[in-house]
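Worksheet for the structure shown next.
The values are calculated or read from the model by the stated rules, or taken from the named source; none is laboratory data. For clarity, every value in this text was computed on a predicted model and none was experimentally measured. Ideal geometry is used to build each Cβ from the backbone, glycine not excepted, and the neighbour counts take in all protein chains shown.
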Amino acid sequence: MSVPGVFPASRISFDLGSLPPKSTTMQQSGTDATPASDVEAFSCPARSGRLLLPSTKGLILTNNDQRGNIPRREHHHDSQHLVFPLPFRLTDVDLLRRDCHIHGEWVSSLGNKRFAVLDPGSGRVWATCPDSARDDVNPAVKSAYVAFQGFSKHTPAHERARLLTSWHHLILASRLDLAIILVHETGKPLTEALAEVDYGAGLVRWFAGEADRLEPPPPPPPTTPQLPSPVASRVSSPTSDDDDDGAVPASTPATGALLKQPIGVILALVPWSFPLALTLRKAAAALAAGCTVIVKPSSETPLTALALACLADRAGFPAGALNVLTTSLENTPVVSEALCMHPLVKAVSFTGSARVGKRVAASCTRNLKRLSLDLGGNCPAVVFDDADLGQVAKDLAALKWRHAGQACVAPNRCYVQWRVYDVFSTLLVAEASKLKVGHGMVKNTTLGPLTTIRGLYKAEALCKDATEKGAVKLLGTGRREPGDGYFMAPTVLGSMTDSMLMCREEVFAPVLGLYVFDTEDEVVMRANDTPVGLAGYVFTKNSDRLWRMFDRLDAAVLGMNTVCLVTETPIPASNNGNG
């Protein structure tokens with residue numbers, strides 16, 4: 001499938017070669033053999049004009065010289081030795097950075113290897129980034145630690161607020177460029193990417209206001225009488241007859257003070273689903289508090305974080321205040337663990353799956369590190385027979401198929417009361433049928449591709465399991481669309497049962513299952529039967545029932561007759577993390 005708005009593969013100015021058979025195993029120079037299931041590629045020196053071709057996990061590039069020597073870390077504007085023609089044009093070309101951002105400089109990894117960034121709308125490589133390894137962790141952390149010593153002590157809260165406000169303005173000034181990068185990393189439609197930029201910029205502005213509120217109160221006037229020191233004033237204990245025991249009675253007047261100080265270096269582990277918004281939510285909060293930040297973006301979406309770091313430099317943040325360390329999917333577990341275990345990293349903020357979140361928590365627990373977890377969900381939507389069915393169908397379609405269903409608060413299970421099941425399923429299918437599938441940069445696209453081929457394969461497997469167990473396809477095929485890119489048409493499955501895998505696992509794809517229920521007690525029990533309670537949605541005109549469901553559903557955040565959730569609400573529940 002030729003994707004409008006994307007340059008054809010013939011524009012790439014070097015020999016792509018051909019893919020070897022899937023059973024072939026390859027070995028890179030100086031590395032262990034890599035199974036073809038991980039990287040379907042063949043390795044040649046960069047100067048030969050060939051490169052490693054991507055499989056589902058991306059590719060690794062090396063820029064060894066002809067003698068096979070690997071140079072040390074390079075400091076320069078862009079270490080790209082293999083230049084991919086961009087499938088887009090930016091107003092600010094300097095915003096597209098392809099190297100790690102460490103202490104205000106753009107650097108490659110110590111091993112000088114790179115991994116590919118693919119456009120999920122075309123399946124083609126359009127950039128590469130440094131494939132950092134364990135050895136790259138310490139320089140990034142030490143840079144942030146050195147910066148913290150000055151930033152926390154010599155940058156007062158009102159100055160941090162000014163820096164954040166400047167960053168906010170620069171993000172909005174680069175709104176379209178950031179959205180274009182976001183489209184080509186995540187696949188989401190341009191309108192959704194623009195909305196994410198606006199949302200992220202709003203978070204930065206909000207945290208700038210919070211920084212202003214951190215200004216310490218003025219010291220008391222010198223005439224304020226001071227209480228005598230308990231050490232200097234020896235008094236008798238009310239529980240002792242001995243006047244010489246030196247104990248301080250509980251009734252002695254005392255003044256206590258709570259001084260909040262920045263904790264230190266913060267690690268932000270950011271997923272690919274909403275990389276810009278979540279990078280800003282984590283980084284802006286830490287910077288407002290006077291902490292420095294290391295961002296480890298997903299291997300699918302590193303360029304968004306690098307662009308934000310570029311704008312942070314322009315805003316005036318000191319070197320090391322915001323570092324970005326990129327790495328491939330293969331190296332992510334090793335690099336993330338090394339970052340979490342580093343003694344100079346004082347707190348970790350992770351957003352992602354419950355499975356990975358448990359591993360992050362285990363790493364942080366060893367050092368009793370402060371931890372924030374925002375994990376996945378298996379969100380139910382409950383539609384009672386007295387709901388406004390037409391409005392509910394519109395709202396759920398807008399929520400479910402945003403970013404191709406790849407949002408943690410998207411409903412996976414839609415429980416419909418049996419009396420209105422047929423009517424509601426018809427209305428929902430009609431709304432979903434209006435979605436236009438296409439590349440995110442194509443005008444009028446409302447449903448882009450899945451961001452990863454792994455997610456596409458999982459969605460296909462879940463749909464296959466459901467149909468084999470009796471589910472009915474009301475809309476869509478539940479399979480990949482023909483052509484390039486990781487596209488799946490909106491899919492609605494009816495006659496779902498609780499024995500199907502889709503009922504137990506987070507789908508994270510444009511697939512929604514419809515379940516029939518009879519009574520309120522029944523649907524509460526079934527909706528709560530999940531290990532990952534995050535969000536839930538209830539639709540009914542009965543106010544008493546609404547409050548009962550609010551009390552009985554086991555979810556962190558609930559939308560009651562709405563799909564709009566409050567941004568500032570903390571999200572702790574079940575295995576979803578601690579907010």
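So for region 257-271 (the condition being farther than 28 Å from residue 116 by Cα and of a type in the set (S, T, N, Q)), does at least one residue qualify?
Yes, region 257-271 contains at least one residue that is farther than 28 Å from residue 116 by Cα and of a type in the set (S, T, N, Q).
Has region 514-531 got at least one residue that is within 26 Å of residue 440 (Cα to Cα), free of Cβ contacts under 8 Å to residues at least 60 places away in the same chain and outside any loop (DSSP other than H, G, I, E, B)?
No, region 514-531 contains no residue that is within 26 Å of residue 440 (Cα to Cα), free of Cβ contacts under 8 Å to residues at least 60 places away in the same chain and outside any loop (DSSP other than H, G, I, E, B).
Enumerate the pairs (first residue in region 75-93 and at pLDDT below 80; second residue anywhere and assigned to a loop (DSSP other than H, G, I, E, B) and of a type in the set (A, V, I, L, M)) with beta-carbon separation below 6 Å, excluding pairs fewer than 6 apart on the same chain, so at least 6 apart or on different chains.
Close Cβ pairs satisfying both conditions: 82/51.
Restrict the check to region 372-385 and report whether at least one residue is surrounded by fewer than 19 Cβ atoms within 10 Å (Cβ to Cβ), charged (D, E, K, R) and under 28 Å from residue 553 (Cβ atoms).
Yes; the residues of region 372-385 include at least one that is surrounded by fewer than 19 Cβ atoms within 10 Å (Cβ to Cβ), charged (D, E, K, R) and under 28 Å from residue 553 (Cβ atoms).
List the pairs whose first member sits in region 490-511 and is closer than 20 Å to residue 408 by Cβ, whose second member is assigned to a loop (DSSP other than H, G, I, E, B) and acidic (Asp, Glu), and whose Cβ atoms are under 9 Å apart, counting only residues at least 6 apart or on separate chains?
Matching pairs, first to second residue: 503/529; 504/498; 504/529.
Hey, can you tell me all the residues within region 144-195 that are of a type in the set (Ser, Thr, Tyr) and within 16 Å of residue 208 (Cβ to Cβ)?
The answer is 155, 165, 166.
Hey, any hits in region 323-343 for a residue that's within 18 Å of residue 277 (Cα to Cα), crowded, with 24+ Cβ neighbours inside 10 Å and either among the polar types (S, T, N, Q) or without any contact (Cβ under 8 Å) to a residue 12 or more places away in the chain (or both)?
yes
Can you tell me which residue among 289, 284, 315, 307 is touching a helix residue (DSSP H, G or I) at 6+ places or on another chain (Cβ under 9 Å) and farther than 21 Å from residue 178 by Cβ?
289
Of all residues being at pLDDT 95 or above, touching a Leu at 6+ places or on another chain (Cβ under 9 Å) and assigned to a loop (DSSP other than H, G, I, E, B) in region 492-506, which is nearest to residue 427 (Cα to Cα)? Just the residue, please.
495
Restricting to region 434-453, what's the tally of residues that are surrounded by 15 or more Cβ atoms within 10 Å (Cβ to Cβ), over 20 Å from residue 88 (Cα atoms) and out of contact with any strand residue (DSSP E or B) (no Cβ under 7 Å at 6 or more places or on another chain)?
Selection size over region 434-453: 2.
Would you call residue 395 part of a loop (DSSP other than H, G, I, E, B) and of a type in the set (D, E, K, R)?
Answer is no for this residue.
Taking the stated definitions as given, is residue 416 crowded, with 23+ Cβ neighbours inside 10 Å, among the β-branched types (Val, Ile, Thr) and either assigned to a strand (DSSP E or B) or in contact with a Ser or Thr (Cβ under 8 Å, 6 or more places away or on another chain) (or both)?
Answer is yes for this residue.
Test each condition in (1) modelled with pLDDT under 75; (2) of a type outside the set (A, V, I, L, M); (3) at negative phi for residue 185 and report the one that comes out false.
(1)
So which of 553, 546 is of a type in the set (A, V, I, L, M, F, W, C) and under 29 Å from the mean Cα position of the chain (by Cα)?
Of the residues listed, the single one that is of a type in the set (A, V, I, L, M, F, W, C) and under 29 Å from the mean Cα position of the chain (by Cα) is 553.
Scan region 386-409 and give yes if some residue there is crowded, with 23+ Cβ neighbours inside 10 Å and within 21 Å of residue 295 (Cα to Cα), otherwise no.
Checked against the condition, which is being crowded, with 23+ Cβ neighbours inside 10 Å and within 21 Å of residue 295 (Cα to Cα), region 386-409 yields at least one hit.
Can you go through 300, 330 and tell me which one is in the same structural domain as residue 158 (by TED's automatic domain parsing) and out of contact with any helix residue (DSSP H, G or I) (no Cβ under 9 Å at 6 or more places or on another chain)?
Only one candidate passes the filter, namely 330.
What pairs come out if I take residues in region 185-199 that are assigned by TED's automatic domain parsing to the domain that holds residue 173 and pair them with residues that are of a type in the set (S, T, N, Q) and assigned to a helix (DSSP H, G or I) whose C-beta lies under 7 Å away, six or more apart or interchain?
185/304
So residue 477 clears everything in (1) part of a loop (DSSP other than H, G, I, E, B); (2) surrounded by 15 or more Cβ atoms within 10 Å (Cβ to Cβ); (3) touching a strand residue (DSSP E or B) at 6+ places or on another chain (Cβ under 8 Å) except one condition, right? Which one?
Result: residue 477 passes all but (2).
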